[in-house]
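As structure tokens, the structure follows; a few thoughts come after it.
Read the figures in this text as sums done on the coordinates, not as results from a lab. Source: prediction; values computed, not measured.
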Amino acid sequence: MWAVSLGVFDGKRLPLSGNKEGLFFWNRLTLDQELPIFQLIAVAETNDIHIVKNEAYIQELAEEYANYGIRKINDLLLKHGGSSLDNLIDLVRSNFNERE
């Protein structure tokens, strides 16, 4: 969910390429809690309330936002140098502060 949130916050999606198996564990989500959030994201993106019935589109949208978010987290934690924990804390703080 955090990875999806980062993608939505930055307004960036990254399509999955190659073998998608095991990259996004849709069946591990608590869909009674997360699905409505994904549906709202889809409605906001398409301006079409009927999109909530298109589960394939909603899944693809969530996967693409998550793919971007995961790559952003990965880049920050592994490629910036320094303490991974400090980098993660900085990411959380920067996204929180930008919302205020």
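Just want to confirm a number: the relative contact order over the chain, from Cα pairs under 8 angstrom separated by 6+ residues, in percent.
It comes to 40 percent, rounded to a whole number.
If I fit a long axis through the Cα atoms of helix 31-46 and take the longest principal axis of the Cα atoms of the chain, what angle between them do I get, 0 to 90°, rounded to 10?
80 degrees
At 222 nm, what value in deg cm²/dmol follows for the chain if DSSP H runs of at least 4 each add -39500 (n - 2.57) and the sum is divided by all its residues, to the nearest 500?
Calculated from helices alone, the mean residue ellipticity at 222 nm is -20000 deg cm²/dmol.
In degrees from 0 to 90, rounded to the nearest 10, what is the angle of the helix 55-74 Cα long axis to the longest principal axis of the chain?
Its long axis makes an angle of about 0 degrees.
With semi-axes √(5λ) of the Cα gyration tensor in Å in mind, check (1) 26, 16, 12; (2) 40, 23, 11; (3) 38, 18, 7 and report the label derived from this structure.
Computed from these coordinates, semi-axes √(5λ) of the Cα gyration tensor in Å corresponds to label (1).
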